[in-house]
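I have placed the structure first, in the form of structure tokens, so that the comments after it can refer back to it.
The values are calculated or read from the model by the stated rules, or taken from the named source; none is laboratory data. Computed from a prediction, not measured in an experiment: that's the story for all the values here. Counting neighbours? That spans all protein chains shown, and the Cβs are built from the backbone with ideal geometry, glycine included. Protein only, heavy atoms only, side chains kept; ligands, DNA and RNA dropped before computing areas. Shrake-Rupley method; radii C 1.70, N 1.55, O 1.52, S 1.80 Å.
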Amino acid sequence: MSTSHADHSEVGPPHVEEVSRGIYAYVQPDGSWFLNNTGFLVGRQGVVSIDTTSTERRTRAYLQAIARVTDRPVRTLVNTHHHGDHTHGNCLLPLATILGHPLCREELLKTPFPPFPGVWSEVEWGNLEPTPPFVTFEGQLTVWVDDLRVELHCVGTPAHTTNDVVAWIPERSVLFSGDLVFVGGTPFVAMGSVSGAMAALDWLRQFGAKTLVPGHGPVSTPAAIDDVQEYLRFIQDTARRGKQAGLAPLELARQTDLGRFSELTDSERLVGNLYRAYAELDGAAPGAEIDTASALRDMIAYNGGQPLRCLA
């Protein structure tokens, strides 16, 4: 029988945090594979949602959480990037205008649903269908929630993915970072760029946010940016040594002492990150296609040959 978040005693239930008046984070512990954060802003005429979730049940639970705060409809949905944990539930908001980067639309349409079987432990995805953004933008777009300005900024370089967007509310100093920032989980840049993610994190600091809602993990402060950047620097240093030693990414990963990063969830992401770092050392441009299928196979091998832990 497939499981749902209600069946996993090792993680707590999702919860809503009001991070500023009328601005809410929806946090799904423990932030591991497909357990993302979303958020929403409540105005007099409607709600702006930052992302959806990975399964039908989880997205319906998110919509119920919004309904406990307000009876206003979700009129606008922002996708921070194309990954399924942030977009699978788009179809459950049929009246919302969906905003995203042009490559978010492109990548979402060509990404298989449901996700590849056998990669993650069994998940009940539900009755969902891919629903991409139908308003796309590059650079910056402003969304208004009554008189509150919400600035949507495209990162401008491949980082977590090729199509990352953040939501910045300057009047409240609140930043929704999408998956540029993981708190308590291993960062993942196999579909973007290690060097690009490093640059994107420097860029994030320039907002001067006081409150940061990461794509995964607890609501934080900009100090979380430093932790992600330290991990990515570790990936770059490890990859250089591995290339010099002639080691394949999986072989290198098996020989690597994660040190303090061993406390992060989903440590097998090390392998995918090394695939990306190796490609960049070979001269590949940020965001260039790599052998993602091989990276996933080697992540499973690193995980003892078992599907990757997913509690969605």
task: Quote the FRET efficiency, to the nearest 0.05, computed for T70 versus L281 with a Förster distance R0 of 41 Å and r equal to the Cβ-Cβ distance.
output: 0.25
- request: Pop out the Kirkwood hydrodynamic radius of the stretch 185-267 from its pairwise C-alpha distances, inverse of mean 1/r, in Å to one decimal.
  value: 14.0
- prompt: the stretch 88-122: which GluC sites (Glu not before Pro) are DSSP loop and have at most 16 other beta-carbon atoms within 10 angstrom?
  reply: E122
- request: Counting only C-alpha contacts under 8 Å and six or more residues apart, can you give the relative contact order of the stretch 69-142 as a whole percent?
  value: 39
- prompt: How far is helix 194-205 tilted, in degrees, relative to the longest principal axis of the Cα atoms in the chain, given as a value from 0 to 90 rounded to the nearest 10?
  reply: 40
message: Per 0.36 nm of contour for each residue apart, how much would the distance between R297 and L258 grow if the chain were fully extended, relative to their Cα-Cα spacing?
response: 12.0 nm
Dipole magnitude of the stretch 261-311, debye to nearest 20 (Cβ charges: Lys/Arg +1, Asp/Glu -1, about Cα centre): 160
task: Identify, among I23, L232, V11, the residue whose Cα sits farthest towards the positive end of the charge dipole of the chain, taking +1 on the Cβ of Lys and Arg and -1 on the Cβ of Asp and Glu, with the dipole about the Cα centre.
output: I23
Low-density loop positions, GluC sites (Glu not before Pro), the stretch 137-210 - DSSP coil, at most 14 other Cβ in 10 Å: E138, E171
- request: Set Lys and Arg Cβ to +1 and Asp and Glu Cβ to -1, take the dipole of the stretch 97-195 about its Cα centre, and tell me which of P158, L141, G185 lies farthest positive.
  value: P158
message: At a 10 angstrom cut-off on C-beta neighbours, averaged per residue, how do the peptides 20-31, 66-77 rank from highest to lowest?
response: 20-31, 66-77
message: Please compute the per residue accessible area over the chain with all protein chains in place, 1.4 Å probe, rounded to a whole number of Å².
response: 42
task: Largest first and to the nearest Å, give the Cα extent of the stretch 11-101 along each principal axis.
output: 34, 27, 21
- prompt: List the GluC sites (Glu not before Pro) in the stretch 1-98 that DSSP assigns to loop (not H, G, I, E or B) and whose Cβ has at most 12 other Cβ atoms within 10 Å. Which are they?
  reply: E10
message: Relative contact order for the chain: what percent, with Cα pairs under 8 Å and sequence separation of 6 or more?
response: 18
task: With a bin width of 10 angstrom, please list the P(r) values of the stretch 54-156 as percents of all Cα-Cα pairs, from the 0 bin to the one holding the largest distance.
output: 14, 43, 33, 10, 1
field: Values of log10 I(q)/I(0), in the order q = 0.26 Å⁻¹, for the stretch 159-225 under a Debye, Cα-only, solvent-free model
entry: -1.19
task: Quick one: Debye curve from the alpha-carbon atoms of the chain only, equal weights, vacuum; give me log10 I(q)/I(0) at q = 0.09, 0.10 Å⁻¹ to two decimals.
output: -0.41, -0.51
query: Taking the simple approach of a point 7 Å from Cα along Cα-to-Cβ for both K110 and E129, what is their distance in nm?
result: 2.2
message: Give me the percent relative contact order of the stretch 150-283, please, defined on Cα pairs under 8 angstrom at least 6 residues apart.
response: 26
- prompt: When all alpha-carbon pairs of the stretch 117-216 are counted, what percent fall beyond 20 Å?
  reply: 47
- request: Just the number, please: carbon plus sulfur as a percent of the accessible area of the stretch 147-246, 1.4 Å probe, no ligands or DNA/RNA counted.
  value: 49
field: Pair Q206, D146: separation of 7 Å Cα→Cβ label points (nm)
entry: 3.2
- prompt: Nearest 20 debye, what's the magnitude of the dipole of the stretch 180-305 about its Cα centre given +1 on Lys and Arg Cβ and -1 on Asp and Glu Cβ?
  reply: 140
- line: Largest-first semi-axes in Å of the equivalent ellipsoid built from the Cα gyration tensor of the stretch 82-132 are 20, 14, 8
